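These notes concern the structure reproduced below.
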Amino acid sequence: MTRKGENIVNEPLKFDYRAAKGKPENIRHPEGYCPFCDVAHLTNILAQDQDRIWLVNKFRTLEDTCQTVVIESSDHNGGPSVYSQATNRQVFEFAFKCWHKMIVSNQYASVIMYKNFGPMSGGSLRHPHFQIVGLNDYDVYQNVSLTNFTGVDVSKNSQRTITLSTHPIIGFVEINIAIDGVAQIDSLADAAQTIIKYLLNDYMGGRVTSYNLFFYEMAGHFYCKIVPRYATSPYFVGYKIAQVQDMQRLVEIAQEINDRL
């Protein structure tokens with residue numbers, strides 16, 4: 001991966017509020033218009049595989065970036081927690097192909113892929129989708145390290161390794177899935193699906209309504225970081241201090257996840 005950015009650590013991305021005018025929202029207002037259901041009027045489509053569609057984001061709100069979206073399914077209320085295993089694998093495989101295509105283009109300092117779900121995730125549309133963003137001059141890998149992906153062991157096999165971060169990026173619970181290469185994407189997808197179901201149905205008594213998935217390519221591995229979302233801690237908002245569950249609770253969560261794998 002070509003990385004042009006230098007000495008840009010925790011610099012803010014510039015948001016263009018003018019580009020955000022008219023942006024639809026239907027998470028808090030479910031009756032709102034869904035552009036991803038209105039397939040006939042989609043434009044700037046980059047790739048398509050059945051009802052999975054990769055296209056340029058119509059509302060490009062970040063300067064010096066190329067913002068794209070992967071529509072996962074024609075099912076407005078779909079997502080990993082309700083997909084069949086086969087569908088979920090197809091979604092992850094398609095998203096990884098699109099992400100990899102942007103990475104190997106060598107046009108960007110770094111390329112990020114992430115997924116929002118729920119009202120606390122930072123998203124605006126309920127329809128299941130990933131976002132893939134090429135950053136022209138910003139190397140996001142200056143802001144994270146392998147330390148953020150290590151911690152309490154949850155499960156390990158020949159296909160993937162799962163850990164709970166003891167040095168999370170934001171906290172309180174960050175679940176990491178690591179694979180060696182694209183040949184293990186199905187294993188990553190299966191683990192992510194199980195963990196998402198756990199977070200939405202069992203963790204904190206089923207009170208979690210939102211999560212993010214973040215994807216990274218580091219040190220010869222691919223990582224998926226799964227983060228349940230709630231109101232962000234003031235320690236992080238005001239001081240950039242992450243918090244983490246105590247070791248006893250991390251071990252309990254690791255066992256709860258392992259029991260479901």
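Data for the structure
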item	result
When residues of region 83-123 are limited to those that are among the aromatic types (Phe, Trp, Tyr) and in a helix (DSSP H, G or I), the one surrounded by the fewest Cβ atoms within 10 Å (Cβ to Cβ)	96
Residues satisfying the stated conditions in region 181-191, i.e. under 15 Å from the mean Cα position of the chain (by Cα), surrounded by fewer than 23 Cβ atoms within 10 Å (Cβ to Cβ) and of a type in the set (Gly, Ala, Ser)	none
Qualifying residues in region 220-239 (those that are surrounded by 11 or more Cβ atoms within 10 Å (Cβ to Cβ), within 27 Å of residue 184 (Cα to Cα) and not β-branched (Val, Ile, Thr)) - the one farthest from the chain's Cα centre (by Cα)	221
Checking residue 82 against (1) in contact (Cβ under 8 Å) with a residue 12 or more places away in the chain; (2) under 19 Å from the mean Cα position of the chain (by Cα), the condition it does not meet	(1)
Residue, nearest to the chain's Cα centre (by Cα), within region 161-180, restricted to residues that are buried (at least 22 other Cβ atoms within 10 Å of the Cβ) and not in a strand (DSSP E or B)	174
Long-range neighbours under 6 Å by Cβ, at least six apart or interchain, first residue closer than 15 Å to residue 85 by Cβ within region 177-192, second among the aromatic types (Phe, Trp, Tyr)	185/92; 185/96; 189/92
Residues that are within 15 Å of residue 115 (Cα to Cα) and outside any strand (DSSP E or B), drawn from region 201-244	209
Residue count, region 245-261 (criterion: exposed (fewer than 15 other Cβ atoms within 10 Å of the Cβ) and either in contact (Cβ under 8 Å) with a residue 12 or more places away in the chain or under 19 Å from residue 119 (Cα atoms) (or both))	5
Residue satisfying all of: in region 149-160; free of Cβ contacts under 8 Å to residues at least 40 places away in the same chain and farther than 22 Å from residue 93 by Cβ; surrounded by the most Cβ atoms within 10 Å (Cβ to Cβ) among these	150
Selected residue (criterion: surrounded by the most Cβ atoms within 10 Å (Cβ to Cβ)) from residues of region 59-77 that are within 27 Å of residue 181 (Cβ to Cβ) and over 16 Å from the mean Cα position of the chain (by Cα)	73
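Residues are listed down the side, and each one gets a yes or a no for (1) of a type in the set (S, T, N, Q); (2) in contact with a Phe, Trp or Tyr (Cβ under 8 Å, 6 or more places away or on another chain); (3) farther than 27 Å from residue 100 by Cβ:
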site: 12; (1), (2), (3): no, no, yes
site: 21; (1), (2), (3): no, no, yes
site: 31; (1), (2), (3): no, no, yes
site: 62; (1), (2), (3): no, yes, no
site: 68; (1), (2), (3): yes, yes, no
site: 87; (1), (2), (3): yes, no, no
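The numbers here are math on the coordinates, done by the rules we state, and not lab data. A quick note: this is a predicted structure, and the numbers were derived from the prediction, not measured. A quick note on method: Cβ atoms are made from the backbone with ideal geometry, for glycine too, and the neighbour counts reach across all protein chains shown.
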